[in-house]
Protein chains: 4
Amino acid sequence: MGEKRTRKRMPRAVREQQMLDAAVRIFGQRGYRAASMDEIAELAGVSKPLVYLYLNSKEDLFSACIRREAAALVAAVRDGVGAAEGTSADRQLWDGLRAFFTHTAERPDGWAVLHSQARTQGEPFAALVTAMREEMLAYVTSLIAAAASEAHGDPAPSQRQVAGLAQALVGAAESLADWANRDDSVSAKEAATTLMNFAWAGLGGLVEGRAPTAPGATPGNR
Amino acid sequence: MGEKRTRKRMPRAVREQQMLDAAVRIFGQRGYRAASMDEIAELAGVSKPLVYLYLNSKEDLFSACIRREAAALVAAVRDGVGAAEGTSADRQLWDGLRAFFTHTAERPDGWAVLHSQARTQGEPFAALVTAMREEMLAYVTSLIAAAASEAHGDPAPSQRQVAGLAQALVGAAESLADWANRDDSVSAKEAATTLMNFAWAGLGGLVEGRAPTAPGATPGNR
Amino acid sequence: MGEKRTRKRMPRAVREQQMLDAAVRIFGQRGYRAASMDEIAELAGVSKPLVYLYLNSKEDLFSACIRREAAALVAAVRDGVGAAEGTSADRQLWDGLRAFFTHTAERPDGWAVLHSQARTQGEPFAALVTAMREEMLAYVTSLIAAAASEAHGDPAPSQRQVAGLAQALVGAAESLADWANRDDSVSAKEAATTLMNFAWAGLGGLVEGRAPTAPGATPGNR
Amino acid sequence: MGEKRTRKRMPRAVREQQMLDAAVRIFGQRGYRAASMDEIAELAGVSKPLVYLYLNSKEDLFSACIRREAAALVAAVRDGVGAAEGTSADRQLWDGLRAFFTHTAERPDGWAVLHSQARTQGEPFAALVTAMREEMLAYVTSLIAAAASEAHGDPAPSQRQVAGLAQALVGAAESLADWANRDDSVSAKEAATTLMNFAWAGLGGLVEGRAPTAPGATPGNR
DNA sequence: TATGAATGAGACTTCATTCAT
DNA sequence: TATGAATGAAGTCTCATTCAT
């Protein structure tokens, strides 16, 4: 029954993913400094030298984690929005947010790496997250602008207003995703809905000067 | 002639505050693990054994920082609200938020300790922050409830709705304080105003089913 | 068309020489400890296991380098002397020295392995170099003795004097070869000539029975 | 009798010298790479962290060793020469050489650090030794020039010849010191005398304008 | 009260070497 | 014959923490 001693040979790409999986988990839970390469290697089921052979250094490993998780998150949001292609910008935004919450709830450690850990570890890392955030922000901004234009409220919101809105929306979403991950008692989904309703009210208010009209908030709609 | 060697004797309480000042600065900038007792002692202008004599251990020192900063933040918010005593709950909430943003902008390292660092270092520490957050949340919840009741909208929001709203509001505020500290380009105050307008719109929407009515958001005011 | 992946099959002897070439280069430049088998294998254009298959271990590889370079150096000197066969012992010695300098200038890494690196790495290796040096020394000693006898100075130098002379000559030659390799500005040949002139003066003195003139060497003066 | 467990407290300067003593010994015997900080600390009778606290890094420790030994050697030679102040340049040179051999025989590990180890470890270190050698060389050159001038041979040796002579003399001395340290069988002193006699013959030849008698040194040949 | 001297424990990293194909 | 995959062992360095004065 010696299933521990004979470590199976595996192609490099596969092993690398295993290592990243383990690293995201440990980094997400302990933080960059408190995580030890020993623990990561053990969780990945390999020896430490192999981790170094493939990922080079603790710093590189952490960067690789950040990049992978950032890419996955961006892709998830894009997919969420893409599924609603052809519908209103308003609806696309809603679907994007849902995808965001779903993804962060499914990969809590990945989200912790991005939001809690990478940003507090200073320079090489914070920049990676900032880049991703910038991308998201631009995306959200364009969706909000489209929504405002579709609604042709009067007066149309200034570019500055739209940017501020996007910033606040993204910030609130991040914060909520964090909170949902920490307290899994009831309902990440529910909290997400709350935020979205809340946001929509503000958004709606600004854009059209009227009551909340979030696509998912009206009965029977989705 | 040894005027450098003989460190002035100082009352214990003063020395302790110097140490905590130094610790908050270092912890806030480097994080718990990356901060070194050596650096803290040096910045405090005392020898390392003295730090241990007064604060006992790195863990205790960090805890003391968290407690002090949490207390200071809560006090600042309470004072902000208290200054508006006797006015509408709505206005009190607004003033509390302003106090929050002012305080976090004035003590960026303290805020970093609370929001970025303590929460990512696992148990003894996260709990301290959670306790403070709980307190804030309860406070905000009561203010929102009061605002809703004053407005006696129809239908009145459920307790659950109010709780969700408070959660979202606090989360958004935290996120924004963070962002304002990181990027001092635009202006923390401005960003804060943006968020508050945003929040009020949503709040107003939910509470009364109408357009934004934040005290600071009316034209000409602010 | 994987023309890169399929390393040409080569006879073992050839491959082995490639590996030794690479090893001499790396060992000569970095030293025994600082040299890594990885770097050697890469420079040789083969995989590490193949190096082990052929040369067995780092220690054996280094020994093989020493042996090869020692043999080559001895052969070069012998050839130099041999070309002057039939002429005076004096002239043979001169030609041997020239061959020595030429060879060490042509193979700086090989000379570094022998003179700088092997001798500083303790036992299995130092002995190999010592053996080669012993051989050289005996050879030089016999040539000096022959030269003295040809010159039949009066009194003839003692065996002890001849041995000391050989020792000093070889030592000076080694040192100069080293120096010439390190500083390629002036010209190895020129420096060699200087040494040889220098040596010959001393040699001539001893051989021809000219008395030493060192201040401390005269009786009573010391 | 627990004389091992209670490590006596000592002033920093003293401890530092103990560490350097240990380091010179280990570095001299094993070489830079093969020496381990563990072994050095143990030999010094302190814990490893203390070595790092005082000497900073392995590299710095090695540099400190080189500097200390270089300074000691230069001082020893200067003292040797200085004791002969007022006598002939010729005699001063002789006394300097004797001091050199005495010193290197008394501190074999120090000499090994300078001559065998530091020079083979590449840049930060080789430069330190080169600087010392340069200093020595300049000193020896000036003494030889003075000796030649005192002897006013005809023709006077060119500056270039004097420089070459100095180079060869120093090189031979280094090599011999090395050899004497390695083989302590009979007599470092004796070997030194041999070299000096040898050198003096050559020196005498050059200084007195006796023509070189090397086979290849006759004009037109070579 | 205050500190210079000192260390146990553990972190990251590298390297010679082997296995399985 | 030849190599991609993998690791045990060891090395440099840092850090929280304590003694002895």
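Throughout, read-outs are computed from the coordinates displayed, never taken from laboratory work. All of these numbers come straight from a predicted model, not from anything done at the bench. A quick note on method: Cβ atoms are made from the backbone with ideal geometry, for glycine too, and the neighbour counts reach across all protein chains shown.
Scan chain B for the residue whose Cβ is closest to the axis carrying it onto chain A, then write down that distance in whole angstrom.
B:Arg33, 2
Under the convention of a label 7 Å out along Cα→Cβ, give the distances in nm from C:Gly122 to the same position in every other copy, shortest first.
When each copy's label point is compared with this one, the spacings are 2.2, 3.8, 4.0 nm.
Arrange D:Asp79, D:Asp95 by Cβ neighbour counts within 10 Å, fewest through most, would you?
Working: D:Asp79 13, D:Asp95 21.
Ascending Cβ contact count within 10 Å gives the list D:Asp79, D:Asp95.
Copy-to-copy spacing for D:Leu53, label 7 Å out on the Cα-to-C-beta vector, in nm, shortest first?
Its label point is 1.8, 4.0, 5.4 nm from the equivalent points in the other copies.
Can you give the average number of partner chain beta-carbon atoms within 10 Å of each beta-carbon in peptide C:160-173, as a whole number? Spell out each step's value before the answer.
Details: counts 2, 3, 0, 1, 8, 5, 0, 9, 12, 2, 2, 11, 12, 4.
Shielding by partners across C:160-173 averages 5.
What's the exposure ranking of D:Thr193, C:Thr87, D:Thr130, going from fewest to most Cβ atoms within 10 Å?
By the 10 Å Cβ count, ascending, the order reads C:Thr87, D:Thr130, D:Thr193.
Starting from the exponent 0.38 and prefactor 2.2 Å, build the expected Rg for region A:55-102 from its residue count and divide its actual Cα Rg by it.
Cα Rg divided by the expected 2.2 N^0.38 Å: 1.53.
Would you mind classifying region A:21-67 by shape? Square roots of the alpha carbon gyration tensor eigenvalues, ordered a ≥ b ≥ c; an a/c under 1.5 is rounded, otherwise it is prolate if a/b is larger than b/c and oblate if not. It would help to have the intermediate numbers written out before the result.
Details: a/c = 1.64, a/b = 1.17, b/c = 1.40.
It is oblate, given that a/c is not under 1.5 and a/b is not larger than b/c.
If you count, for every residue in C:107-116, the Cβ atoms of partner chains within 10 Å of its Cβ, what is the mean? Intermediate results must be reported in sequence, preceding the final value.
Numbers: counts 0, 0, 0, 0, 0, 1, 0, 0, 2, 5.
For peptide C:107-116, the averaged partner shielding equals 1.
From the backbone phi of region A:158-166, what are the Karplus-calculated ³J(HN,Hα) couplings (6.51 cos²θ - 1.76 cosθ + 1.60, θ = phi - 60°) in whole Hz, Gly and Pro given as x?
5, 4, 5, 4, 4, 4, x, 4, 4
Shape call for region A:37-175 from the C-alpha gyration tensor, a ≥ b ≥ c root eigenvalues: rounded (a/c under 1.5), prolate (a/b greater than b/c) or oblate? Show your work: numbers first, answer last.
Details: a/c = 3.43, a/b = 2.32, b/c = 1.48.
Prolate, since a/c reaches 1.5 and a/b exceeds b/c.
Just to confirm the numbers: C:Glu39, label point 7 angstrom along the Cα-Cβ line, distances to the other copies in nm, shortest first?
Sorted ascending, the copy-to-copy spacings read 2.1, 3.3, 3.6 nm.
Ignore the peptide's own chain and count Cβ atoms of other chains within 10 Å of each Cβ in B:118-124; give me the average, rounded. Can you show the working numbers first?
Working: counts 0, 4, 13, 5, 4, 0, 0.
Per residue, the number of nearby Cβ atoms from other chains is 4 on average.
Kindly put A:Glu16, A:Glu59 in sequence by how many other C-beta atoms sit within 10 Å of each C-beta, fewest to most. The partial results should precede the final answer.
Details: A:Glu16 17, A:Glu59 13.
By the 10 Å Cβ count, ascending: A:Glu59, A:Glu16.
Take the cross-link list A:Lys48/D:Lys48; D:Lys8/D:Lys48; A:Lys48/C:Lys48; B:Lys48/D:Lys48 and give me the ones stretching past 23 Å between alpha-carbons.
Exceeds cut-off: A:Lys48/D:Lys48.
Counting C-alpha atoms alone, how compact is region D:1-99: give Rg to one decimal and Dmax as a whole number, in angstrom.
For region D:1-99, the Cα radius of gyration and maximum Cα-Cα distance read 18.1, 59 Å.
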